[in-house]
Amino acid sequence: MVPHVLLVGKNVRYHTAPTGNLTNYRTNISETTIMKITQVSTVVVNANMRNWIFVKVETDQPGLYGWGEATLEWKTKGVVGSVDDVSRLIIGEDPLRIEHLYQIMYRQYFWKVGIEGMTAISGIEQALWDIKGKVFNVPVYELLGGRVRDRVRVYNHLGGGQMKSMYESTEPQEFAERALIVKEAGYTAMKFMAVPRTEPVEGIQSVRYAEILVRAVREAVGPEMDLMVDLHARTWPGMAIQYCHAFEPYGLLFFEEPCPTEDIEATAQVTRASRIPIATGERLVGRHQFREIFEKRACHVIQPDLSHCGGLWEARKIAAMAETYSMAVAPHNPNGPIATAVAVHFALATPNWLIQEAITNDVPWRNEVLEHPIEVKDGYVDIPVRPGLGIDVNEKAAAKYPFKAEAVQRYFHADGAVADW
């Protein structure tokens with residue numbers, strides 16, 4: 001049985017019909033009901049390095065619900081509380097009015113939401129798209145304007161998602177060996193951390209060692225594989241520019257987050273001085289925070305996180321703004337499997353999209369918690385065909401991995417001063 005739709009005035013009314021054809025189907029208005037959101041809940045799944053926060057939006061139509069993801073490491077309890085806070089505003093509302101519900105969640109509290117609140121809104125918003133796709137029996141990308149490409153290119157991380165491999169390796173041989181594993185898995189692009197925690201201004205030793213790590217990876221995988229280096233906003237312009245110049249011989253696809261996001265002009269200085277494309281934006285939320293990046297042409301690639309920036313529709317608005325400034329979009333996504341499914345639908349419908357980040361083996365059971373998870377083959381994802389996001393959560397499997405507090409991360413420079421993560 002497929003939910004069908006009849007437009008009546010300003011409301012959308014729903015009924016169930018015995019056919020999948022929405023065209024030319026008519027029913028008596030008295031036989032229809034207005035669908036409503038009945039419940040919004042979270043399922044927290046511990047995946048070692050981070051807790052995945054899955055968001056479930058349920059309706060009063062039997063069996064009709066949607067899933068989204070609101071993962072925000074080290075702020076899990078804050079996001080779960082924020083989901084409860086904002087969801088109270090939309091209980092009883094029509095789930096298909098996605099823009100309207102976004103405006104309610106974003107604007108109808110006096111204090112505007114921060115990163116926790118925007119992450120909560122993002123997870124709910126994604127779930128609403130999942131519901132809408134199921135109602136109309138189409139994949140979400142069809143609701144976003146339809147496909148603009150035939151497959152989605154994905155890049156992996158050095159180490160595939162393990163904390164030690166991604167963030168704590170320091171030996172060139174380790175970098176080379178792990179890079180080969182990614183290449184042998186069929187990927188055509190990968191990202192890694194080669195830049196150590198750096199003082200605002202220091203000598204050349206750290207730059208030279210970082211160059212050794214980049215060279216080791218390039219020599220291991222050869223010239224065909226695209227490489228990206230993430231600075232994690234650990235540097236200020238003076239040092240970031242030195243790293244850029246040191247890495248130029250190795251043909252990077254882009255250089256990510258060279259400076260603290262709160263100082264857009266600092267990133268703009270690096271962009272103007274670098275011959276490597278600069279990417280940033282993963283810590284920004286909402287299109288308003290991206291505005292300064294566009295106005296200053298502060299990067300070449302923007303990286304909104306669809307689980308933080310406000311969801312799919314807000315990300316599409318950000319991408320459209322970027323397109324007018326000739327900037328590509330490569331969404332940030334070190335999150336769980338629902339976030340990856342969401343990102344694939346965004347990629348399929350966004351013209352200036354470049355490449356998609358996706359963790360694949362942070363935990364061996366990653367795909368066990370989903371029905372029909374996204375699968376990467378030879379570095380690409382094929383077109384999803386199931387309605388909505390095309391996935392479902394196996395809540396019984398997810399319950400095997402309950403919340404655990406993330407490991408506390410404490411980093412300091414040699415003199416004891418606090419260093420950025």
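The values are calculated or read from the model by the stated rules, or taken from the named source; none is laboratory data. Everything quoted here is computed from the prediction, not taken from an experiment. Every residue, glycine among them, receives a Cβ derived from its backbone with ideal geometry; neighbour counts consider all protein chains shown.
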Worksheet entry | LYS77, sole failed condition from (1) of a type in the set (D, E, K, R); (2) surrounded by 15 or more Cβ atoms within 10 Å (Cβ to Cβ); (3) under 21 Å from the mean Cα position of the chain (by Cα) | (2)
Worksheet item: Is the range 302-314 home to any residue that is assigned to a helix (DSSP H, G or I) and either in contact with a Ser or Thr (Cβ under 7 Å, 6 or more places away or on another chain) or of a type outside the set (Asp, Glu) (or both)?
Response: yes
Item to complete: For the range 253-298, enumerate the residues that are touching a strand residue (DSSP E or B) at 6+ places or on another chain (Cβ under 6 Å) and surrounded by fewer than 21 Cβ atoms within 10 Å (Cβ to Cβ).
Response: PRO277
Item to complete: Can you give me the ranges of the strands (runs of 3 or more DSSP E) entirely in the range 142-260 with at least 3 residues that are closer than 21 Å to ALA339 by Cβ?
Response: 152-157, 189-192
Discussion item. In contact with an Asp or Glu (Cβ under 6 Å, 6 or more places away or on another chain) and in the same structural domain as GLN205 (by TED's automatic domain parsing): which single residue out of LEU231, LEU227 fits that description?
Written reply: LEU231
Response to the item:
Residues of the range 56-104 being touching a residue at least 40 places away in the same chain (Cβ under 8 Å) and among the hydroxyl-bearing types (Ser, Thr, Tyr), in sequence order, are THR59, TYR65, THR71, THR76, SER87, TYR102
Worksheet item: Does GLU314 count as in contact with an Asp or Glu (Cβ under 6 Å, 6 or more places away or on another chain) and either crowded, with 20+ Cβ neighbours inside 10 Å or more than 27 Å from VAL140 (Cα to Cα) (or both)?
Response: no
Practice prompt. Could you please find all residues in the range 324-339 being touching a strand residue (DSSP E or B) at 6+ places or on another chain (Cβ under 8 Å) and not in a loop (DSSP other than H, G, I, E, B)?
Written response: ALA328, VAL329, HIS332, PRO337, ILE338, ALA339
Worksheet item: Where residues in the range 197-224 are touching a Lys or Arg at 6+ places or on another chain (Cβ under 6 Å) and of a type outside the set (Ser, Thr, Tyr), which of them is nearest to PRO249 (Cα to Cα)?
Response: VAL221
Item to complete: Count, please, the residues in the range 195-230 that happen to be crowded, with 22+ Cβ neighbours inside 10 Å and modelled with pLDDT of 95 or more.
Response: 7
Item to complete: Please indicate, with yes or no, whether at least one residue in the range 277-287 is assigned to a helix (DSSP H, G or I) and in the same structural domain as ALA328 (by TED's automatic domain parsing).
Response: yes
Practice prompt. Assess whether ALA414 counts as being part of a loop (DSSP other than H, G, I, E, B) and either over 20 Å from ALA185 (Cβ atoms) or in contact (Cβ under 8 Å) with a residue 40 or more places away in the chain (or both).
Written response: yes
Practice prompt. For the range 144-165, state whether one or more residues are among the small types (Gly, Ala, Ser), within 21 Å of ARG283 (Cβ to Cβ) and not assigned by TED's automatic domain parsing to the domain that holds GLY68.
Written response: yes
Discussion item. Quick check on VAL408: is it modelled with pLDDT of 95 or more and either over 16 Å from PRO337 (Cβ atoms) or loosely packed, with under 15 Cβ neighbours inside 10 Å (or both)?
Written reply: no
Item to complete: Read through the list (1) under 26 Å from ASP362 (Cβ atoms); (2) surrounded by 19 or more Cβ atoms within 10 Å (Cβ to Cβ); (3) in contact (Cβ under 8 Å) with a residue 24 or more places away in the chain; (4) not polar (S, T, N, Q), then give the number of the only condition that GLU177 fails.
Response: (2)
Practice prompt. Hey, could you check the range 297-331 for residues that are aliphatic (A, V, I, L, M), touching a residue at least 60 places away in the same chain (Cβ under 8 Å) and in contact with a helix residue (DSSP H, G or I) (Cβ under 6 Å, 6 or more places away or on another chain) and say which is farthest from ILE264 (Cα to Cα)?
Written response: LEU312
